[in-house]
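Notes follow the structure.
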Amino acid sequence: MTTRKKLGIIVYAPALVGNDSRTLAIVQGMERALPDLRMEWEVSEDGRLISLPQRDTWLIEGTKDGEFPLVCNGDESFPVTVYGLQTSARHSPGGQPLLDVHAKLPLDAAVIAAAAEMLEGIAEGACAFWGRATPDDAAGDIAHQTAPTLEGPPSPRRGLPALKLPEQIRSPEIPYYLGWLNYWSPASAKAIGFPDPARDAELLSRARRTATGGWVVQLTDAPLDLDNPAHLDALKRAYERFPEIGGRAAP
């Protein structure tokens, strides 16, 4: 029996405040991207699904300590989840707390087709600085780029560059790393110098402009697979193009 592949989405946004309507906007953005999706369930501590007849109110009022609880679609054959965590000022770029939104979806044809719109819906619902959507397998390799690791010094795989810890990056607009699909707000795009028409023709051919003037930039046509040499090369080229990402540029 094989484990079903998943697409992970993470976006980084300003911290939540009480009764913050962005929680609802995030979930509504997901539902727009997949029209049959209904995120109207929570999961109890013992793993039971609980229907949320007042989902919108529950989401807005459920913010606590800068986080919002997991909400899902209630379909164990096609599980979709989203929740929000707070990263403290101590561990965030620029010394300000952040909201980290985490979504997980099955990596099937429908999700792949809707992935760019899904990332945009979550990111712009959260008013995010930046974010990414990446298959779990590739995300595992990318996570090893962050330095230092629990084992000690940087240990990037596959010749990828070492990246700084988030708290070592000068501002929250600068992405920590790249993914298959990358959301860059207008401020984030400006911070890394995107787009440059002379240098970014290939990236622009797979990019879409968002309603707020941000960008969703896709590195490869198919979901990122770092066992594919062409995909690995595309990721390396993108890191070379944007030295600000991961705090690698000279101050």
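Tabulated values for the structure
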{"read-out": "Top-ranked residue of segment 6-50 - restricted to ones that are of a type in the set (V, I, T) and under 17 Å from the mean Cα position of the chain (by Cα), ranked as most open to solvent (accessible area, probe 1.4 Å)", "value": "I10"}
{"read-out": "Y183 being open to solvent by 10 Å² or more (accessible area, probe 1.4 Å), at negative phi and among the hydroxyl-bearing types (S, T, Y)", "value": "no"}
{"read-out": "Every residue from segment 125-148 that is surrounded by 18 or more Cβ atoms within 10 Å (Cβ to Cβ), outside any strand (DSSP E or B) and of a type in the set (G, A, S)", "value": "G125, A126, A128, A138, A139, A147"}
{"read-out": "Candidate set: segment 41-50, residues that are charged (D, E, K, R) and assigned to a loop (DSSP other than H, G, I, E, B); chosen: the one modelled with the lowest pLDDT", "value": "E45"}
{"read-out": "Conditions (1) within 24 Å of A110 (Cβ to Cβ); (2) under 20 Å from the mean Cα position of the chain (by Cα); (3) of a type in the set (A, V, I, L, M); number of the one not met by L85", "value": "(1)"}
{"read-out": "Selected residue (only one of R4, R38, R32 is assigned to a loop (DSSP other than H, G, I, E, B), basic (K, R) and modelled with pLDDT of 90 or more)", "value": "R38"}
{"read-out": "Odd one out for K190 among (1) within 16 Å of F129 (Cα to Cα); (2) at pLDDT below 95; (3) among the basic types (K, R)", "value": "(2)"}
{"read-out": "Hey, E240 of a type in the set (D, E, K, R), outside any loop (DSSP other than H, G, I, E, B), open to solvent by 30 Å² or more (accessible area, probe 1.4 Å) and in contact with a His (Cβ under 8 Å, 6 or more places away or on another chain) or not", "value": "no"}
{"read-out": "Count of residues meeting criterion [open to solvent by less than 70 Å² (accessible area, probe 1.4 Å), without any contact (Cβ under 8 Å) to a residue 40 or more places away in the chain and either in a strand (DSSP E or B) or not β-branched (V, I, T) (or both)] in segment 51-81", "value": "16"}
{"read-out": "Output for segment 203-231, where each listed residue is in a loop (DSSP other than H, G, I, E, B) and either open to solvent by 60 Å² or more (accessible area, probe 1.4 Å) or basic (K, R) (or both)", "value": "S205, R206, A211, T212, D221, D225, D227"}
{"read-out": "Meets criteria (more than 17 Å from the chain's Cα centre (by Cα), over 30 Å from L37 (Cα atoms), part of a helix (DSSP H, G or I) and of a type in the set (A, V, I, L, M)) for A110", "value": "no"}
{"read-out": "Members of segment 195-238 found to be aliphatic (A, V, I, L, M) and under 20 Å from F129 (Cα atoms), listed by number", "value": "L203, L204, A207, A211, V216, V217, L219, A238"}
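The values are calculated or read from the model by the stated rules, or taken from the named source; none is laboratory data. Keep in mind that what you see is a predicted model, and the values were worked out from it rather than measured. A quick note on method: Cβ atoms are made from the backbone with ideal geometry, for glycine too, and the neighbour counts reach across all protein chains shown. For the accessible areas, the whole protein counts, side chains as well, though only heavy atoms, and no ligand, DNA or RNA atoms are used. Shrake-Rupley method; radii C 1.70, N 1.55, O 1.52, S 1.80 Å.
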